[in-house]
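What follows is one structure encoded as structure tokens, with my remarks underneath.
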Amino acid sequence: MALNFNKAEFVRSAGEPKDFLRDGLPQFAFAGRSNVGKSSVINRLVGRKNLAYVGSSPGKTTHINYFRLDGRAYLVDLPGYGYAKVARSEKERWARLMETYFQREADAITTGVLIVDIRHRPTENDLTMHDWFRQTGCPEIVVANKLDKLKKSEVEGNLQRIRETLELGEEDMVIPFSAEKGTGRDELLRAILSSVEASS
Ligand code: GDP
């Protein structure tokens, strides 16, 4: 499947299940904790400065944002999680929305993209999100962002720690990535496209 990620347009923001979108096109769902650089990764992928809003106050928007790619697929931006200062009511809203999303939309998700911070061991919340993706049965690509913040000598060990914590197998993919520098972009695009081919 050829897909021009540079042709991306915002379609809809879903704050509740009635606004979930499905029309049979492939959907790539992006998840990550607040501040991990999810918006920056998305903007890097689509070659835009601000399609997804970078640096918005963490955890403030409990919405699922849908972007159409080249009229042929959707990039689904799931709300960030794990920001300590968010009010309990917001956390509960997030949990309700995500639980419903994964219950109802599991079969609409073509590929899960879990963004973690390459500097750190994945958090409990990352593990929860990872389990939810696994339960859908869709392929999952792990993106280890902020590569530019590591020394070269630290990269392999940190990737290994991510693999171990998420209990990944050899066939599972972890892509070292820097939204800041653009490293890993081509590999991630390729991985997403081949996941569509595998599912069709
Ligand atoms: P989000 O909350 O996950 O959407 O994260 P943002 O995209 O808003 O990024 C959070 C902060 O991390 C911002 O200050 C970004 O500039 C910074 N950031 C994101 N990706 C990278 C990266 O690859 N390298 C570096 N050095 N900073 C990054």
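Charged neighbours of D70, selected by a Cβ distance under 11 Å, balance to +2 (K, R count +1; D, E count -1). Projecting the Cα atoms of F67, L168, N50 onto the charge dipole of the range 43-189 (Cβ charges, centred on the Cα centre) puts N50 farthest toward the positive pole.
Dipole of the range 1-44 computed with +1 at Lys/Arg Cβ and -1 at Asp/Glu Cβ about the Cα centre; of V41, G24, A8, farthest Cα towards the positive end is V41. Residues whose amide H lies under 5 Å from that of E180, counting only those 5 or more places away or on a different chain, are K146; hydrogens are built 1.01 Å from N in the peptide plane. The residues packed around D19, meaning those with a beta-carbon under 13 Å from its beta-carbon, carry a net charge of +2 if Lys and Arg are +1 and Asp and Glu are -1. Dividing the radius of gyration of the alpha carbons in the range 110-181 by their Kirkwood radius gives 0.96 for Rg/Rh. Per residue, the chain reaches -11000 deg cm²/dmol at 222 nm when only DSSP H runs of four or more residues are counted, each adding -39500 (n - 2.57). Over all orientations, the chain has a Cα convex hull whose mean projected area works out to 10.4 square nanometres.
For a paramagnetic label modelled on K181 (point 7 Å from Cα along Cα→Cβ), amide N atoms under 19 Å away belong, within the range 147-174, to 147-160, 174.
If only the Cβ of Lys and Arg carry +1 and only the Cβ of Asp and Glu carry -1, the dipole of the chain around its Cα centre is close to 880 debye.
Bear in mind these aren't lab numbers, they're just calculated from the coordinates by the rules spelled out. Source: prediction; values computed, not measured. Cβ atoms come from the backbone with ideal geometry, glycine included; neighbour counts cover every protein chain shown.
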